[in-house]
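Laboratory data are not the source of any read-out in this text; all were calculated from the coordinates shown. From a predicted model like this one, the values you see are computed outputs, not experimental measurements. Please note: Cβ atoms are built from the backbone with ideal geometry, for glycine as well, and neighbour counts cover all protein chains shown.
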Amino acid sequence: MAISDQEIRKKQTTLEVAEEAREKEWRFPSFVGDLFLGRLRWDLAFPYPEQSAADRKVGDELCAKVARFLKENLDPDEVDRTGELPQKVIDGLAKLGLFGMKIPADYGGLHLSQVNYNRVLHLVASYCGSTAVLLSAHQSIGVPQPLILFGTEEQKRKYLPRFARGEISAFALTEPDVGSDPANMTTTAAPTEDGNHYLLSGEKLWCTNGPIAGVIVVMAQTPPKIAKGREKKQITAFIVETTWPGVEVVHRCRFMGLNGIQNGLLRFQNVKVPKENILLGLGQGLKLALITLNTGRLAMPAAVTAGAKWCLAVTRKWANERVQWGAPVGHHEAIAAKIAQMTSTTYAMESVTWLAAAFADRKDVDIRLEAAMAKLFCTEASWRIIDATVQIRGGRGYETAGSLEARGEKGIPAERFMRDSRINTIIEGTSQIMRLFIAREALDPHARRILPLLSPETSLTSKWKLAFGLVLFYAAWYPKQWFFWSDRKMAGPFPSKLKRHVIFINKMSRRLARDLFHAMMIHQRGLEKKQRLLGRIVNIGTDLFAMVASCSRACLLVSKNPSDETPIDLADLFCRDAQRRVNGHFHTLFRNHDAYAYRIARKALEGRYNWLEQGIIPPT
Ligand SMILES: Cc1cc2nc3c(=O)[nH]c(=O)nc-3n(C[C@H](O)[C@H](O)[C@H](O)COP(=O)(O)OP(=O)(O)OC[C@H]3O[C@@H](n4cnc5c(N)ncnc54)[C@H](O)[C@@H]3O)c2cc1C
């Protein structure tokens, strides 16, 4: 399959726009960023951060109110059946202040910490996925989030109080032809002759809350600028009110699950947007969207971890109650193994979730990689857990809650939870894109040093200077990745069962840094195409991060309640499993059949194995 020059140019431009929109500055230390450099910053993750008593009190009180409200007013199975969230529930949530959870008190919001915000979403998600999505799409990525981060005082005064009172917002980035690479968007915003307005035209797909939102943040192409003699694409973010002429909800989308969400295809036809409604500045829209997603992603781990806990509760009861072949199904080893893994993984998910949220509340550490890893790890783990839950419930796992109830059994909605959960590895950055994003950032410290050396724009004198600096840096850095003298010392404060895991994490972080460097040397510019190699590197880093969070949290929990060693059991089991995965990934890092599998995939795409599809009624 030959690729045309036009396709190559388009890909090049897309990559340039995406690269330009990257958040390039590292103003604060990053635990995960340093992990990939072989520097394990235990000081950031140990002792495990604890919520202050005052902050916990705020969260406890609000969560108690929300739990009461939901139990008294909302039937999640009815939402699933009818496909609607009752207006009285939305009004009730607004009354509780839940549309202004992160909005500062000065603008009428609750100004919750990230941990408390996550706690509320965690609670809501354990009960009704659609309600959790309504709240999260509104303020994890919807207008309040970028407005708090980047809005002018005037914009904040105008809009934040409206959201705090309950006006719903949405985030419109995706289009029918652009999903993972928004740099290619076609929605445009052309300035009016007097320069005071922009005329917005285009379509945005799958905009969650879009059909009921009052205000939406919309990303659109504004006229290109000329830089260094070349035309540069500009993407700009606009605050758009849905009552303005030209905004239309073309279609409400329906999905496999999350039946109560309002999600739509929106059309904008010459919508007149005042220039005062530009967020962050002309040409800064993609950057704004990516930064918004970087922070907004922290809510997802909290939500899916709640789902995993719900699964544990369901499975524990069922695996004790259900007797087959003379024993409770949970006593059969094949099912017991699933339960053990679900339990230790849920523990690890929670450890990662609260650690990442606590990092966000510190404000002096960078969280973009931690949030992406937490999203990747928790959403993938949660899918395995819900799958195991349905399997352990057997036929009842597949049956709807309504049907179970109608024939006199408890209406346990494992089937609904499965449908509601499937989207989580797709939205707010698919798992594949998360791995690429993390890999790109992991390589950044090396790329910053090496790329200027390869650039034709760097003068020869500068290249000599750079090369000298590079040799000095790597002559000091590389040998360090082979020495393990501090590993045992670091394990000191940990309980004996966890010491070997701490030693393993320390050693493997340096092996990871070395192998990332080796991969870069071997593949050079071609490394970006080695997605499976990069994926393994990211998977190793993610497991190491989860091991750190799990071990550190076990220490905290045991220090608070020394007679209960159960957190150590769970951290130990999670780490044993993670060690096997990490070793497996290292083993296949450079010895694999990736290239062969890729060739087979290309042949499959060319239709060379079409004979396999015979004997069926083909999809239309
Ligand atoms: C229920 C729901 C709610 C949503 N809410 C919103 C919202 O509020 N606002 C909004 O803007 N969008 C929203 N979206 C869109 C969502 O963010 C996108 O679906 C997501 O970004 C993926 O884009 P896509 O579906 O177009 O997949 P594509 O980008 O077409 O990708 C298809 C597949 O290819 C993979 N892939 C793509 N590029 C690469 C690559 N370079 N390397 C390797 N693999 C790759 C992807 O991982 C995926 O598996 C929502 C979608 C749904 C279904």
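Between K497 and E193, what's the calculated FRET efficiency when r is the beta-carbon distance and R0 is 45 Å? Round to 0.05. Intermediate values should be presented prior to the final figure.
Working: r = 72 Å, r/R0 = 1.60.
After rounding, the FRET efficiency stands at 0.05.
Using the alpha carbons of segment 1-134, what is the convex hull volume per residue in cubic angstrom, as a whole number? Could the numbers behind the result be given before it?
Values: hull volume 33.6 nm³, N = 134.
Hull volume normalised by residue count: 251 Å³.
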* Structure fact -> Label model pair D387, A447: point-to-point distance (7 angstrom along the Cα→beta-carbon line) in nm is 3.1
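Go ahead and run the numbers for FRET between E61 and S559, Cβ-Cβ distance against an R0 of 25 Å, rounding to 0.05. Could you put the intermediate results ahead of the total?
Numbers: r = 26 Å, r/R0 = 1.04.
Computed FRET efficiency for E61 and S559: 0.45.
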* Asked: In deg cm²/dmol and to the nearest 500, what is the mean residue ellipticity at 222 nm of the chain if only DSSP H runs of at least 4 residues count, each as -39500 (n - 2.57), divided by the residue total?
  -> -19000 deg cm²/dmol
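Please report F494, F31 as a ranked list, fewest other C-beta atoms within 10 angstrom at the top and most at the bottom. Let's see the in-between values first.
Working: F494 21, F31 25.
In increasing order of surrounding Cβ atoms, one gets F494, F31.
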* To do: Would you mind estimating how fast the chain diffuses translationally, via Stokes-Einstein at 37 °C and 0.692 mPa s with the Kirkwood radius over Cα pairs, in µm²/s?
  => 125
* Structure fact -> Put in order of increasing Cβ neighbours within 10 Å, starting from the fewest, D572, D80, D564 give D564, D572, D80
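If you stretched the chain out fully between L470 and W325, how much longer would it get, using 0.36 nm times the residue separation minus the C-alpha to C-alpha distance?
The L470-W325 span can extend by a further 45.6 nm.
Between R525 and W26, what length in nm is gained on full extension when 0.36 nm per residue of separation is reduced by their alpha carbon distance?
On the way: separation 499, 0.36 × 499 = 179.64 nm, distance 2.29 nm.
Using 0.36 nm per residue and subtracting the Cα-Cα distance, I get 177.3 nm.
Could you give the alpha-carbon Rg of segment 297-429 over 2.2 N^0.38 Å, rounded to two decimals? Mind showing how you got there, number by number?
On the way: Rg = 16.5 Å, N = 133, 2.2 N^0.38 = 14.1 Å.
Scaled against compact globular proteins, the figure is 1.17.
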* Specify which residue in the list G408, V304, G38 is farthest towards the positive end of the charge dipole of the chain, using unit charges on the beta carbon of Lys, Arg (+1) and Asp, Glu (-1), about the Cα centre. => G38
* Structure fact -> Among T346, A336, L376, the residue whose Cα sits farthest towards the positive end of the charge dipole of segment 297-429, when +1 is placed on the Cβ of each Lys and Arg and -1 on the Cβ of each Asp and Glu, is A336
* To do: State, to one decimal in nm, how far the label point of K363 lies from the label point of I433, with both points 7 Å from Cα in the Cβ direction.
  => 3.0
* Structure fact -> Full extension between T461 and R514 adds, at 0.36 nm per residue less the Cα distance, a length in nm of 16.1 nm
